[in-house]
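See structure below.
The values are calculated or read from the model by the stated rules, or taken from the named source; none is laboratory data. Owing to the predicted nature of the structure, the values given are computational and were not obtained by experimental measurement. Every residue, glycine as well, gets a Cβ built from its backbone with ideal geometry; the counts of neighbours run over all protein chains shown. Heads up: the accessible areas ignore ligands, DNA and RNA and are worked out on the full protein's heavy atoms, side chains in. Shrake-Rupley method; radii C 1.70, N 1.55, O 1.52, S 1.80 Å.
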Amino acid sequence: MPDSVPAGDRWQRSSAAFSLSFLSLVFSITAFSSSYWCEGTRKVAKPFCTGQSKGDHCIRFNNPDANNSNAVQYIWETGDDKFVERKFHAGIWYSCEEIINEEGEKCRSFISLTPAADRGVLWLSIVAELLYIILLLTGAILMSVEMCYYSTVIDGLKINAFSAVVTVLAGLLGMVAHMMYTTVFQMTVNLGPEDWRPHTWDYGWSYCLAWASFACCMAAAVTTINKYTKTILEFKHKRKMLERNLKIKYKFPDHTAPEKPCNVYVNSFHNCTEDPAHPIKGLRHLATISVL
């Protein structure tokens, strides 16, 4: 009896699922370790020019009242040209902001910027992200084992089913983690420290990469489940065809046909003397179908 599912077809589906799972794992690790989930600008007052510093990023006064605090406050509140926009980017772990008139960035822990009431949600998001990565890694390992597993199809199906469950759980955790971080960031924008609140902001490339990882994860899960389901259906179809052929060959009436004609066929082989040239290796396939 030929194999129910061609080996090349099985390998192609396993390879597609593994590729999607591995891509999802790379995307999730990159996004989790970066600080570009959100990007934007902060509108801050220009500092006073000191020494030889010139340009549009500082304020220079030439009158005697340069140090008058009232005059400076009036300028800061009414003159838009006395403000400068600082670019910033924030991730799960830290938030960085450029330094005016200097190279480099000043970074702060994003957890310290989060309102106290929302830090628990942020920690849950971090834990969910870590579990998401661990489950993705587990699913990718199982899929790679299945690709290189050259034993029976039944054992491959067991690995396939377990990897599908793990990948689906990973996708659910990833979705929850991304949504929780989005909520925490929006609350930090509204209730965070005054010296951090952004003037304009939008989601960055890391945030898009995180959701691309989720999409690849779910695509890998769907591919794995589809492979498992199709293999099972083909096995059932082959079994029905075998039962029908055995009924015709041995002329069993429908009401007296044995429940497992495959077993009858295997047992009758030992008592048969008219067909000594029957290939013995076919018994292994028939026994497998009988188990199914």
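If we sort 93-99, 140-146 on the protection proxy, mean other Cβ atoms within 10 Å, highest first, what's the order?
Details: 93-99: 17.3, 140-146: 20.4.
Descending packing order for the listed peptides: 140-146, 93-99.
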Checklist line | P(r) histogram, all alpha-carbon pairs of region 107-234 included - 5 Å bins from 0, percent | finding: 2, 10, 17, 17, 14, 10, 9, 7, 6, 4, 3, 1, 0
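Within region 116-221, what whole-number % of the accessible surface is contributed by carbon and sulfur, with the 1.4 Å probe and all protein chains included in the calculation?
Details: 3750 of 5020 Å².
Taking all protein chains in place, region 116-221 shows 75 percent carbon and sulfur surface.
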Next item on the list: Could you list the chymotrypsin sites (Phe, Trp or Tyr not before Pro) in region 131-194 that lie in coil according to DSSP, counting only those with at most 12 other Cβ atoms within 10 Å of their Cβ?
Entry: Tyr150
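With every protein chain kept in the model, how would you rank Arg86, Arg42 by accessible area, 1.4 Å probe, largest at the top?
On the way: Arg86 60, Arg42 20 Å².
Largest accessible area first, the residues go Arg86, Arg42.
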